[in-house]
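The values are calculated or read from the model by the stated rules, or taken from the named source; none is laboratory data. Treat the numbers as computed from the prediction; the structure is a model and nothing was measured. Virtual Cβ from ideal backbone geometry, glycine too; neighbours counted across all protein chains shown.
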Amino acid sequence: MHKMVFILRGERTEPVNSFRHRVLDRFIPRLLEGTAVRCKATLTAADPPRLSITPYRKERVALVSLWDGFFAGPSWAERVRNAWEGPCYGYRVEESIPLSYDRDWPPGTQTPGLGLLTLFRSRRGLCRHDFIRMWHEGHTPLGMQVHPLWNYVRNVVAAPIIPDSPELGGIVEEHFRCPGDLLDPVRFFGGFPAMIPNMVRIALDIRRWMDLGSIENYLVTEHWLDAPPRTLPAIDWEQ
């Protein structure tokens with residue numbers, strides 16, 4: 001499925017609640033005013049743990065996904081740049097969802113659980129066909145076998161729709177029903193005694209097709225915005 005995604009950047013020192021307010025309460029209403037499109041915002045949830053196997057970035061970031069037809073990119077790009085106060089980039093992507101949750105919570109409320117947003121480029125010298133094949137046919141089934149995923153969205157970047165957007169090959173949205181499934185490294189890597197072997201398997205796999213120096217990992221929450229955002233619940237990090 002084709003869709004548009006826009007990456008909004010905030011300041012590293014900006015308080016998380018301030019950034020969330022800017023995205024959900026100011027940017028989204030401006031962006032969607034007078035429209036009736038499907039929209040999802042995936043954004044920085046909290047400062048990441050100080051000690052973590054996953055190398056989380058501390059910058060504030062939001063990924064805004066829009067489903068409004070294949071040829072609507074330029075007009076939406078202009079809307080995004082007018083609505084966001086800060087750096088923003090945009091891409092047309094091809095979305096596939098190997099694992100999907102059933103949405104049984106009200107529109108405009110926060111998706112249960114916690115997410116991992118990953119941005120990356122393909123390994124230098126690897127053709128696009130092999131990049132997608134190794135990612136989709138190799139890494140996806142491996143990741144679904146190892147990690148306790150609840151929802152898994154792959155976005156293959158097709159083309160930029162905002163000039164000067166940095167090069168990207170893929171954007172992955174992984175969501176976990178319980179925060180502990182993501183934050184507890186033992187649970188994240190399949191439990192004992194499989195944890196260490198699984199870490200090695202994942203590391204050896206991604207270096208074959210992903211530019212390791214380009215990886216950006218963010219701890220995020222997800223918000224389906226079919227309706228205006230509502231009060232955000234507190235995150236229970238101990239689940």
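Give just the number: which of (1) in contact with a Pro (Cβ under 8 Å, 6 or more places away or on another chain); (2) closer than 20 Å to N17 by Cβ; (3) at pLDDT 95 or above does N217 not satisfy?
Going through (1) in contact with a Pro (Cβ under 8 Å, 6 or more places away or on another chain); (2) closer than 20 Å to N17 by Cβ; (3) at pLDDT 95 or above one by one, N217 breaks only (2).
Can you find, within region 28-44, the residue that is nearest to F6 (Cα to Cα) among those that are aliphatic (A, V, I, L, M) and assigned to a strand (DSSP E or B)? I'd like the intermediate steps shown before the answer.
So in region 28-44, the residues aliphatic (A, V, I, L, M) come out as 28, 31-32, 36-37, 41, 43.
Checking the rest, the ones that are also assigned to a strand (DSSP E or B) come to 41, 43.
Values: A41: 9, L43: 11 Å.
It comes out as A41.
List the residue pairs whose Cβ atoms are under 8 Å apart, where the first residue sits in region 34-47 and is of a type in the set (D, E, K, R), the second is loosely packed, with under 13 Cβ neighbours inside 10 Å, and the two are 6 or more positions apart or on different chains.
Going by the 8 Å Cβ cut-off, the qualifying pairs are D47/K58.
Listed here are the residues, each with its yes/no results for (1) farther than 16 Å from S65 by Cα; (2) under 14 Å from the mean Cα position of the chain (by Cα); (3) β-branched (V, I, T); (4) part of a helix (DSSP H, G or I).
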{"site": "P148", "(1), (2), (3), (4)": "yes, no, no, no"}
{"site": "Y152", "(1), (2), (3), (4)": "no, yes, no, no"}
{"site": "V172", "(1), (2), (3), (4)": "no, yes, yes, no"}
{"site": "H175", "(1), (2), (3), (4)": "no, yes, no, no"}
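Quick one: in region 68-77, of everything that is surrounded by 12 or more Cβ atoms within 10 Å (Cβ to Cβ) and part of a helix (DSSP H, G or I), which residue is modelled with the lowest pLDDT?
Out of the qualifying residues, it is G73.
Tell me the residue from L8, L24 that is touching a residue at least 12 places away in the same chain (Cβ under 8 Å), surrounded by 21 or more Cβ atoms within 10 Å (Cβ to Cβ), in a strand (DSSP E or B) and within 18 Å of the chain's Cα centre (by Cα), please. Write out each step before concluding.
On the way: L24 fails: in a strand (DSSP E or B).
It is L8.
Given the condition crowded, with 20+ Cβ neighbours inside 10 Å and hydrophobic (A, V, I, L, M, F, W, C), answer yes or no: does some residue in region 94-113 qualify?
No.
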